[in-house]
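Okay, structure first, notes after.
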Amino acid sequence: MNPWPLAFGFVLSTLIAWGGYQKRSLSRSGVAGAIVLGTLIFGLGGWIWGLLLIAFFVSSSFLSRYKEAEKEGLAEKFAKGHQRDLGQALANGGWGAILAVLYFLRPNPLLFVAFVGAMAAVNADTWATEIGVLSPTMPRLITNGRPVPVGTSGGVTSLGTLAALAGGLFIGLVALVLRVTQSLWQTGQWAWADLWLLLFAALGGLVGCFSDSLLGATVQGIYHCEGCQKETESRIHRCGQKARLRRGRRWLDNDAVNFISSAAGGVAAALLGWLIL
(Lines give C-alpha, C1' and ligand atoms only; values in the text may rest on other atoms or scores of the structure.)
Protein backbone atom coordinates (compact mmCIF):
# COMPACT_ATOMS: atom_id res chain seq x y z
CA MET A 1 0.00 0.00 0.00
CA ASN A 2 1.36 3.39 -1.05
CA PRO A 3 1.09 5.78 1.92
CA TRP A 4 1.47 8.94 -0.15
CA PRO A 5 -2.14 9.18 -1.40
CA LEU A 6 -3.35 8.89 2.19
CA ALA A 7 -0.85 11.53 3.31
CA PHE A 8 -1.92 13.86 0.51
CA GLY A 9 -5.58 13.24 1.34
CA PHE A 10 -4.92 14.03 5.00
CA VAL A 11 -3.15 17.30 4.25
CA LEU A 12 -5.71 18.48 1.72
CA SER A 13 -8.66 17.43 3.90
CA THR A 14 -7.13 19.25 6.87
CA LEU A 15 -6.75 22.46 4.88
CA ILE A 16 -10.31 22.29 3.53
CA ALA A 17 -11.76 21.38 6.92
CA TRP A 18 -9.91 24.26 8.57
CA GLY A 19 -11.30 26.61 5.92
CA GLY A 20 -14.78 25.25 6.60
CA TYR A 21 -14.29 25.85 10.32
CA GLN A 22 -13.20 29.43 9.69
CA LYS A 23 -16.29 30.00 7.55
CA ARG A 24 -18.47 28.44 10.30
CA SER A 25 -19.54 25.63 7.97
CA LEU A 26 -18.00 23.00 10.28
CA SER A 27 -17.91 22.63 14.04
CA ARG A 28 -14.82 21.26 15.79
CA SER A 29 -16.16 17.73 15.70
CA GLY A 30 -17.17 18.31 12.10
CA VAL A 31 -13.57 19.19 11.29
CA ALA A 32 -12.42 15.84 12.69
CA GLY A 33 -15.06 14.00 10.69
CA ALA A 34 -14.18 15.84 7.48
CA ILE A 35 -10.48 15.03 7.90
CA VAL A 36 -11.13 11.31 8.47
CA LEU A 37 -13.60 11.01 5.58
CA GLY A 38 -11.51 13.11 3.23
CA THR A 39 -8.37 11.12 3.98
CA LEU A 40 -10.10 7.81 3.28
CA ILE A 41 -11.89 8.96 0.15
CA PHE A 42 -8.89 10.77 -1.32
CA GLY A 43 -6.36 8.17 -0.27
CA LEU A 44 -8.27 5.00 -1.14
CA GLY A 45 -10.66 6.10 -3.86
CA GLY A 46 -8.50 8.55 -5.76
CA TRP A 47 -8.38 12.21 -6.67
CA ILE A 48 -11.65 12.16 -8.64
CA TRP A 49 -13.45 10.70 -5.64
CA GLY A 50 -11.94 13.36 -3.40
CA LEU A 51 -12.83 16.25 -5.71
CA LEU A 52 -16.44 15.04 -5.87
CA LEU A 53 -16.55 15.16 -2.09
CA ILE A 54 -15.20 18.71 -2.21
CA ALA A 55 -17.78 19.66 -4.86
CA PHE A 56 -20.55 18.52 -2.53
CA PHE A 57 -19.12 20.33 0.48
CA VAL A 58 -18.47 23.62 -1.30
CA SER A 59 -21.80 23.80 -3.13
CA SER A 60 -23.88 22.77 -0.12
CA SER A 61 -22.02 25.17 2.17
CA PHE A 62 -22.64 28.01 -0.27
CA LEU A 63 -26.35 27.25 -0.51
CA SER A 64 -26.68 27.01 3.27
CA ARG A 65 -25.69 30.70 3.35
CA TYR A 66 -27.94 31.66 0.45
CA LYS A 67 -30.73 33.95 1.69
CA GLU A 68 -29.80 32.91 5.22
CA ALA A 69 -31.89 35.66 6.81
CA GLU A 70 -35.07 34.44 5.09
CA LYS A 71 -34.46 30.89 6.34
CA GLU A 72 -33.54 31.87 9.90
CA GLY A 73 -37.07 31.35 11.22
CA LEU A 74 -37.03 27.71 10.11
CA ALA A 75 -33.84 26.80 12.01
CA GLU A 76 -35.75 25.63 15.07
CA LYS A 77 -37.48 22.92 13.03
CA PHE A 78 -34.23 21.21 12.14
CA ALA A 79 -32.16 19.05 14.45
CA LYS A 80 -28.97 20.96 13.65
CA GLY A 81 -27.93 24.23 12.09
CA HIS A 82 -25.79 24.98 9.05
CA GLN A 83 -22.58 24.26 10.98
CA ARG A 84 -21.99 20.55 10.33
CA ASP A 85 -20.82 18.41 13.24
CA LEU A 86 -19.29 14.93 13.33
CA GLY A 87 -22.66 13.20 13.01
CA GLN A 88 -23.59 15.19 9.92
CA ALA A 89 -20.18 14.62 8.35
CA LEU A 90 -20.49 10.85 8.83
CA ALA A 91 -24.10 10.88 7.63
CA ASN A 92 -23.21 12.68 4.39
CA GLY A 93 -19.83 11.11 3.65
CA GLY A 94 -19.79 7.87 5.62
CA TRP A 95 -21.28 5.71 2.87
CA GLY A 96 -18.90 7.26 0.37
CA ALA A 97 -15.94 6.37 2.60
CA ILE A 98 -17.15 2.77 2.84
CA LEU A 99 -17.33 2.60 -0.95
CA ALA A 100 -13.80 4.01 -1.19
CA VAL A 101 -12.50 1.29 1.13
CA LEU A 102 -14.28 -1.39 -0.91
CA TYR A 103 -12.89 0.08 -4.13
CA PHE A 104 -9.37 -0.01 -2.72
CA LEU A 105 -9.74 -3.63 -1.67
CA ARG A 106 -11.35 -4.74 -4.93
CA PRO A 107 -11.57 -2.12 -7.70
CA ASN A 108 -14.81 -2.21 -9.64
CA PRO A 109 -16.24 0.54 -11.89
CA LEU A 110 -19.68 0.04 -10.36
CA LEU A 111 -18.33 1.13 -6.98
CA PHE A 112 -17.38 4.46 -8.53
CA VAL A 113 -20.87 4.71 -10.04
CA ALA A 114 -22.29 4.00 -6.57
CA PHE A 115 -20.08 6.73 -5.11
CA VAL A 116 -21.32 9.22 -7.71
CA GLY A 117 -24.89 8.25 -6.82
CA ALA A 118 -24.22 8.61 -3.10
CA MET A 119 -22.66 12.07 -3.48
CA ALA A 120 -25.49 13.07 -5.80
CA ALA A 121 -27.99 11.93 -3.17
CA VAL A 122 -26.58 14.02 -0.33
CA ASN A 123 -26.05 16.99 -2.63
CA ALA A 124 -29.57 16.75 -4.03
CA ASP A 125 -31.05 16.54 -0.54
CA THR A 126 -29.10 19.60 0.60
CA TRP A 127 -30.04 21.63 -2.47
CA ALA A 128 -33.69 20.58 -2.13
CA THR A 129 -33.76 21.68 1.50
CA GLU A 130 -31.90 24.97 1.12
CA ILE A 131 -33.80 26.07 -1.99
CA GLY A 132 -37.10 24.26 -1.41
CA VAL A 133 -37.85 26.17 1.80
CA LEU A 134 -37.91 29.36 -0.29
CA SER A 135 -40.73 28.01 -2.47
CA PRO A 136 -43.71 30.38 -2.82
CA THR A 137 -46.07 27.39 -2.70
CA MET A 138 -46.82 25.37 0.41
CA PRO A 139 -45.09 21.96 0.69
CA ARG A 140 -47.14 18.79 0.50
CA LEU A 141 -46.43 15.64 2.48
CA ILE A 142 -44.87 13.03 0.21
CA THR A 143 -47.08 10.23 1.57
CA ASN A 144 -50.55 11.72 1.08
CA GLY A 145 -50.17 15.11 -0.60
CA ARG A 146 -51.55 16.99 2.39
CA PRO A 147 -50.32 20.62 2.70
CA VAL A 148 -47.86 21.05 5.59
CA PRO A 149 -45.93 24.02 7.02
CA VAL A 150 -42.61 24.96 5.44
CA GLY A 151 -39.74 22.94 6.90
CA THR A 152 -41.87 19.92 7.85
CA SER A 153 -40.00 16.63 7.47
CA GLY A 154 -41.38 14.80 4.46
CA GLY A 155 -42.75 17.92 2.82
CA VAL A 156 -41.92 18.40 -0.87
CA THR A 157 -42.38 21.22 -3.38
CA SER A 158 -41.92 21.55 -7.12
CA LEU A 159 -39.07 24.00 -6.53
CA GLY A 160 -37.39 21.61 -4.10
CA THR A 161 -37.72 18.71 -6.54
CA LEU A 162 -36.14 20.75 -9.33
CA ALA A 163 -33.37 21.78 -6.94
CA ALA A 164 -32.79 18.11 -6.07
CA LEU A 165 -32.49 17.22 -9.75
CA ALA A 166 -30.08 20.11 -10.28
CA GLY A 167 -28.01 19.05 -7.26
CA GLY A 168 -27.68 15.51 -8.55
CA LEU A 169 -26.84 16.65 -12.08
CA PHE A 170 -24.22 19.01 -10.68
CA ILE A 171 -22.35 16.08 -9.14
CA GLY A 172 -22.77 14.13 -12.39
CA LEU A 173 -21.38 17.00 -14.42
CA VAL A 174 -18.37 17.37 -12.14
CA ALA A 175 -17.76 13.61 -12.33
CA LEU A 176 -18.02 13.70 -16.12
CA VAL A 177 -15.58 16.60 -16.48
CA LEU A 178 -13.09 14.95 -14.14
CA ARG A 179 -13.30 11.57 -15.90
CA VAL A 180 -12.89 13.16 -19.34
CA THR A 181 -9.95 15.21 -18.09
CA GLN A 182 -8.30 12.10 -16.68
CA SER A 183 -8.85 10.12 -19.89
CA LEU A 184 -7.52 12.88 -22.14
CA TRP A 185 -4.48 13.30 -19.92
CA GLN A 186 -3.68 9.59 -19.87
CA THR A 187 -4.67 8.41 -23.34
CA GLY A 188 -5.68 11.44 -25.40
CA GLN A 189 -9.18 9.97 -25.78
CA TRP A 190 -12.32 9.70 -23.72
CA ALA A 191 -15.20 7.24 -23.68
CA TRP A 192 -18.73 8.27 -24.66
CA ALA A 193 -19.94 5.88 -21.96
CA ASP A 194 -18.85 8.47 -19.39
CA LEU A 195 -21.91 10.52 -20.39
CA TRP A 196 -24.00 7.96 -18.52
CA LEU A 197 -22.63 9.51 -15.32
CA LEU A 198 -25.15 12.33 -15.75
CA LEU A 199 -28.03 9.85 -15.72
CA PHE A 200 -26.57 7.85 -12.82
CA ALA A 201 -26.16 11.02 -10.77
CA ALA A 202 -29.64 12.31 -11.60
CA LEU A 203 -31.20 9.00 -10.56
CA GLY A 204 -29.09 8.71 -7.41
CA GLY A 205 -29.93 12.28 -6.44
CA LEU A 206 -33.68 11.88 -6.85
CA VAL A 207 -33.81 8.44 -5.19
CA GLY A 208 -31.76 9.68 -2.25
CA CYS A 209 -33.77 12.87 -1.87
CA PHE A 210 -37.17 11.16 -2.04
CA SER A 211 -35.93 8.43 0.32
CA ASP A 212 -35.04 11.17 2.79
CA SER A 213 -38.50 12.72 2.44
CA LEU A 214 -40.27 9.38 2.76
CA LEU A 215 -38.36 8.43 5.90
CA GLY A 216 -38.93 11.91 7.29
CA ALA A 217 -42.66 11.60 6.78
CA THR A 218 -43.00 8.11 8.25
CA VAL A 219 -40.38 6.76 10.68
CA GLN A 220 -37.96 9.57 11.52
CA GLY A 221 -38.34 10.79 15.08
CA ILE A 222 -40.22 14.11 15.13
CA TYR A 223 -40.74 15.99 18.40
CA HIS A 224 -42.96 18.75 19.76
CA CYS A 225 -41.94 21.46 22.19
CA GLU A 226 -44.81 21.95 24.65
CA GLY A 227 -43.46 25.30 25.80
CA CYS A 228 -43.10 26.89 22.37
CA GLN A 229 -45.80 24.76 20.73
CA LYS A 230 -43.52 24.06 17.80
CA GLU A 231 -42.37 20.95 15.95
CA THR A 232 -38.71 20.02 15.76
CA GLU A 233 -36.41 17.18 14.70
CA SER A 234 -34.40 17.53 17.90
CA ARG A 235 -35.09 15.94 21.28
CA ILE A 236 -34.07 19.22 22.90
CA HIS A 237 -35.71 22.28 21.39
CA ARG A 238 -33.64 25.41 20.79
CA CYS A 239 -35.35 27.03 23.76
CA GLY A 240 -33.62 24.42 25.93
CA GLN A 241 -36.75 22.48 26.82
CA LYS A 242 -37.00 18.73 26.29
CA ALA A 243 -39.40 17.97 23.45
CA ARG A 244 -42.02 15.21 23.39
CA LEU A 245 -41.93 12.51 20.70
CA ARG A 246 -44.81 13.23 18.32
CA ARG A 247 -44.28 10.55 15.68
CA GLY A 248 -41.65 8.20 14.32
CA ARG A 249 -38.88 6.33 16.13
CA ARG A 250 -36.47 7.83 18.63
CA TRP A 251 -33.51 5.88 17.26
CA LEU A 252 -33.96 7.24 13.72
CA ASP A 253 -32.71 10.82 13.75
CA ASN A 254 -31.87 13.09 10.83
CA ASP A 255 -28.26 11.89 10.60
CA ALA A 256 -29.40 8.27 10.27
CA VAL A 257 -31.92 9.28 7.61
CA ASN A 258 -29.23 11.09 5.63
CA PHE A 259 -26.92 8.06 5.79
CA ILE A 260 -29.65 5.69 4.62
CA SER A 261 -30.64 8.06 1.83
CA SER A 262 -27.06 8.36 0.58
CA ALA A 263 -26.84 4.56 0.51
CA ALA A 264 -30.14 4.36 -1.37
CA GLY A 265 -28.90 6.83 -3.97
CA GLY A 266 -25.66 4.92 -4.38
CA VAL A 267 -27.39 1.56 -4.76
CA ALA A 268 -29.87 2.97 -7.29
CA ALA A 269 -27.08 4.42 -9.41
CA ALA A 270 -25.06 1.19 -9.23
CA LEU A 271 -28.06 -0.92 -10.24
CA LEU A 272 -28.71 1.28 -13.26
CA GLY A 273 -25.02 1.15 -14.10
CA TRP A 274 -25.06 -2.62 -13.90
CA LEU A 275 -28.06 -2.78 -16.26
CA ILE A 276 -26.56 -0.37 -18.81
CA LEU A 277 -22.83 -0.97 -18.63
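For segment 24-44, which positions are surrounded by 19 or more Cβ atoms within 10 Å (Cβ to Cβ) and farther than 13 Å from F10 by Cα?
Result: S25, L26, S27, G30.
Among all residue pairs at least 6 apart or on different chains, which show Cβ distances below 8 Å where the first residue, located in segment 187-199, is touching a residue at least 60 places away in the same chain (Cβ under 8 Å) and part of a loop (DSSP other than H, G, I, E, B) and the second is of a type in the set (F, W, Y) and surrounded by 11 or more Cβ atoms within 10 Å (Cβ to Cβ)?
Close Cβ pairs satisfying both conditions: none exist.
Can you tell me which residues in segment 208-237 are part of a loop (DSSP other than H, G, I, E, B) and either surrounded by 16 or more Cβ atoms within 10 Å (Cβ to Cβ) or modelled with pLDDT of 85 or more (or both)?
V219, G221, E233, S234, H237
Among the residues of segment 139-162, is any among the charged types (D, E, K, R) and part of a strand (DSSP E or B)?
Among the residues of segment 139-162, at least one is among the charged types (D, E, K, R) and part of a strand (DSSP E or B), which makes the answer yes.
Restricting attention to segment 180-197, does a residue exist that is in contact with a helix residue (DSSP H, G or I) (Cβ under 8 Å, 6 or more places away or on another chain), under 22 Å from A264 (Cβ atoms) and polar (S, T, N, Q)?
no
Which fully enclosed helices (runs of 4 or more DSSP H) of segment 1-74 have 1 or more residues being of a type in the set (S, T, N, Q), closer than 25 Å to A163 by Cβ and under 15 Å from the mean Cα position of the chain (by Cα)?
So the answer is 47-65.
Given (1) loosely packed, with under 14 Cβ neighbours inside 10 Å; (2) part of a helix (DSSP H, G or I); (3) of a type outside the set (S, T, N, Q), where does W251 come up short, assuming only one miss?
Of (1) loosely packed, with under 14 Cβ neighbours inside 10 Å; (2) part of a helix (DSSP H, G or I); (3) of a type outside the set (S, T, N, Q), only one is false for W251: (2).
Are any residues in segment 1-23 of a type in the set (F, W, Y), closer than 28 Å to P107 by Cα and surrounded by 15 or more Cβ atoms within 10 Å (Cβ to Cβ), and if so, which ones?
F8, F10
Mind checking which residues of segment 82-98 are closer than 18 Å to S59 by Cβ and modelled with pLDDT under 90?
Hits for segment 82-98 are H82, Q83, R84.
Return the residues of segment 102-131 that are surrounded by fewer than 23 Cβ atoms within 10 Å (Cβ to Cβ) and closer than 14 Å to L53 by Cβ; say none if nothing qualifies.
Hit for segment 102-131 is Y103, nothing else.
The values are calculated or read from the model by the stated rules, or taken from the named source; none is laboratory data. What you are looking at is a predicted structure, and each value in this text was computed from that prediction instead of being measured. Glycine gets a Cβ as well: all are built from the backbone with ideal geometry, and neighbour counts include every protein chain shown.
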